[in-house]
1. Return only the number of the condition from (1) farther than 15 Å from ILE57 by Cα; (2) surrounded by 19 or more Cβ atoms within 10 Å (Cβ to Cβ) that GLN180 does not satisfy.
2. List the helices (runs of 4 or more DSSP H) that sit entirely inside region 20-78 and contain at least 3 residues that are out of contact with any Ser or Thr (no Cβ under 9 Å at 6 or more places or on another chain) and under 17 Å from LEU166 (Cα atoms).
3. Just to verify a result, which residue in region 89-130, among those that are buried (at least 17 other Cβ atoms within 10 Å of the Cβ) and of a type in the set (S, T, N, Q), is nearest to the chain's Cα centre (by Cα)?
4. So in region 150-186, with the set limited to residues that are under 18 Å from ILE23 (Cβ atoms) and not hydrophobic (A, V, I, L, M, F, W, C), which one is nearest to the chain's Cα centre (by Cα)?
5. Within region 189-219, which residues are open to solvent by 80 Å² or more (accessible area, probe 1.4 Å) and farther than 15 Å from GLU53 by Cβ?
6. Which residues, counting only those in region 1-43, are acidic (Asp, Glu), open to solvent by less than 90 Å² (accessible area, probe 1.4 Å) and farther than 23 Å from VAL58 by Cα?
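The values are calculated or read from the model by the stated rules, or taken from the named source; none is laboratory data. Just so it is clear, the model here is predicted, and its values are computed rather than measured. Please note: Cβ atoms are built from the backbone with ideal geometry, for glycine as well, and neighbour counts cover all protein chains shown. Surface areas here come from the heavy atoms of the whole protein model, side chains and all, with no ligands, DNA or RNA. Shrake-Rupley method; radii C 1.70, N 1.55, O 1.52, S 1.80 Å.
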Amino acid sequence: MVSEKQNTELLRLFQLVSPSLPIGAYTYSQGLEAAIENGDVKDEESAHAWIAESLSIVADFEAPIFWRLLKAFSNRDEKSVTCWTERFLAARDTNEFRAETIQMGYSLNKLVLDLRIADKSLQKIMSNQAEVPLPTAFAYAAIALEISHEAAMLGLLFSIVENQVLVCVKSVPLGQVSGQRLLLSLHPKIETVAHRAQNLPDNELSNWAPGLSILSMQHEVQYSRVYRS
């Protein structure tokens with residue numbers, strides 16, 4: 001039987017990963033709009049390949065850093081929070097990618113503050129960060145809401161995938177059923193990435209994705225754009 005505590009955690013996770021969370025995720029495509037413009041993503045099959053490959057990049061850098069941030073916030077380890085926050089920001093190699101994570105991180109940080117769900121020790125750590133990217137803010141919110149590390153990891157990854165699928169539904173375009181089929185088919189990949197992120201040693205972290213970086217830079221000067229990245 002599911003306990004009352006588990007129900008509470010699940011409801012809080014649903015709220016944290018909801019598309020209605022007012023942090024502006026729907027305005028970003030993370031390079032996907034440029035891939036659609038170039039013809040690299042044109043149907044359900046190519047959309048699946050794109051999102052799965054994007055998750056592989058997340059698995060090697062963003063997700064393991066997020067895992068470390070969860071542990072750092074849980075231990076109230078400000079030094080580690082600052083270290084991993086700075087490393088993540090240093091790896092944002094285009095203006096769009098940096099602006100995206102800073103804007104959403106700022107918005108989520110402000111939301112947590114407005115909702116008054118974080119204790120003073122967590123607030124102090126966040127107030128001492130020069131800039132707050134999304135993984136830092138998401139980890140902060142998850143710990144403030146007492147969501148387990150494992151659930152928070154799956155929640156972050158699902159929100160990334162869901163946003164990418166929504167971009168494909170609106171911009172390829174794909175039908176709603178196709179979008180749901182695509183999302184469901186990516187569940188095993190999400191689980192694989194979550195497991196890898198929790199076990200990847202520091203010396204194997206890598207954000208090497210030159211093709212994605214080039215697409216992002218092309219998007220910055222793309223003539224007609226719907227999304228901000």
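1. Of everything listed in (1) farther than 15 Å from ILE57 by Cα; (2) surrounded by 19 or more Cβ atoms within 10 Å (Cβ to Cβ), GLN180 misses just condition (2).
2. Values: elements: 32-38, 44-60, 62-74.
Helices (runs of 4 or more DSSP H) meeting the threshold: 44-60.
3. Out of the qualifying residues, it is THR101.
4. The residue in question is SER159.
5. Of the residues in region 189-219, the ones open to solvent by 80 Å² or more (accessible area, probe 1.4 Å) are 191-192, 195-196, 199, 202-204, 208, 214, 217-218.
Correct list: GLU191, HIS195, ASN199, ASP202, ASN203, GLU204, MET217, GLN218.
6. So in region 1-43, the residues acidic (Asp, Glu) come out as 4, 9, 33, 37, 40, 43.
From what's left, open to solvent by less than 90 Å² (accessible area, probe 1.4 Å): 9, 33, 40, 43.
Within region 1-43, just GLU9 meets the criteria.
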